[in-house]
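Data first, discussion second: the structure below is written as structure tokens.
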Amino acid sequence: MADGVVVVGVDGSPKDERSITWAAQAATDRGAQLRIVYGFTFVGAAYGYGLPPIDVEEISATITEPLAQRARELQPNLTVTTSGIAGDPAVALVTLSREADLLVVGARGLGRLASRILGSVSQKVAAQAHCPVTVVRADSPAPRGPVTVGVDPADIIPEVIEFGFAEAGHRGLGVRLLSAFSPAADEIGDAQVQRLLGHAAQERSKEMDALGEQWQARYPDVPAEVTVLHTDPVDALAAGAEEAAMLVLGSRGRRGLTGRRLGSVAQGVLHVAPLVTVLPIQA
């Protein structure tokens with residue numbers, strides 16, 4: 001909607017610059033407002049020790065106001081507001097996601113170790129939020145690359161593809177529908193299994209081509225391409241993210257074990273990809 005809100009969570013660390021830059025552009029593309037939120041746990045904990053009340057907004061302003069000024073410099077026509085919230089940042093951001101069009105959070109760096117050092121805020125928010133969540137781990141390596149959408153032809157999630165095409169339309173970009181499964185037929189020694197896998201690969205390619213044609217017809221102004229790879233899905237999606245303006249995934253699949261946590265593919269990609277948007281999908 002034209003008067004929507006993009007919420008970006010910050011914590012006073014250097015990674016906030018990346019998050020603000022990306023979120024300001026995203027809000028401008030949508031014609032939305034930008035809300036910068038600083039959430040911190042120690043204030044809530046301090047009340048339990050009989051300390052005097054703390055002015056959360058005053059404390060948070062030292063973090064949020066310079067970032068708001070930066071956002072206005074980057075996007076002069078953008079409406080920017082700030083707020084501070086005492087308590088668990090992940091809980092605060094998930095609550096705010098009920099009224100947001102997009103929620104943006106940062107991460108400290110690339111790699112699985114960096115993800116663990118970050119803690120659980122981005123993982124919790126991506127799993128629990130009520131709106132799409134973009135995790136910004138690094139500057140987008142290909143800002144004019146396509147919006148890449150991870151697709152499982154056996155479990156099509158239309159809202160994920162819809163978001164990808166709409167996002168590409170906002171930005172004047174194309175869409176790449178990317179599907180991956182392993183192993184490749186030529187990696188299997190058993191001839192019968194090799195034939196079965198080869199047939200499955202052909203069928204998947206046909207399904208993906210048909211899917212691409214279907215969505216291209218719905219979004220004729222958004223260039224679309226289809227890629228099918230025979231490798232581990234996490235590796236394929238992470239590599240695809242390096243060539244994309246954004247990688248879009250569903251929070252979890254509709255098959256197998258589900259729950260209030262990220263699916264294994266989404267979780268694996270979030271550990272390594274520079275910029276990922278996860279949509280909340282109910283099983």
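The values are calculated or read from the model by the stated rules, or taken from the named source; none is laboratory data. In this text the structure is predicted, and so the values were computed from the model without any measurement. With ideal geometry, Cβ positions are generated from the backbone for all residues, glycine too; neighbour counts draw on all protein chains shown. Just so you know, the surface numbers come from the protein's heavy atoms only, side chains and all, with ligands and any DNA or RNA stripped out. Shrake-Rupley method; radii C 1.70, N 1.55, O 1.52, S 1.80 Å.
Quick look at the values:
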item: Residue ranges of helices (runs of 4 or more DSSP H) in segment 1-83 with at least 2 members modelled with pLDDT of 90 or more; result: 16-30, 56-74
item: Selection status of Thr277, of a type outside the set (A, V, I, L, M) and modelled with pLDDT of 90 or more; result: yes
item: Where a residue in segment 156-183 is touching a residue at least 12 places away in the same chain (Cβ under 8 Å) and among the polar types (S, T, N, Q) and its partner, wherever it lies, is open to solvent by 20 Å² or more (accessible area, probe 1.4 Å) and part of a loop (DSSP other than H, G, I, E, B), with Cβ under 9 Å and at least six apart; result: Ser179/Asp152; Ser182/His230; Ser182/Thr231; Ser182/Asp232
item: Some residue of segment 107-124 being open to solvent by less than 60 Å² (accessible area, probe 1.4 Å), out of contact with any Asp or Glu (no Cβ under 7 Å at 6 or more places or on another chain) and modelled with pLDDT of 95 or more; result: no
item: Set Glu243, Glu225, Glu187, Glu213: member being modelled with pLDDT under 90 and surrounded by fewer than 18 Cβ atoms within 10 Å (Cβ to Cβ); result: Glu187
item: Conditions (1) hydroxyl-bearing (Ser, Thr, Tyr); (2) surrounded by fewer than 18 Cβ atoms within 10 Å (Cβ to Cβ); (3) modelled with pLDDT of 90 or more; number of the one not met by Thr258; result: (3)
item: Extreme residue, nearest to Gln128 (Cα to Cα), among residues of segment 232-250 that are in contact with a Gly (Cβ under 6 Å, 6 or more places away or on another chain) and not in a loop (DSSP other than H, G, I, E, B); result: Leu249
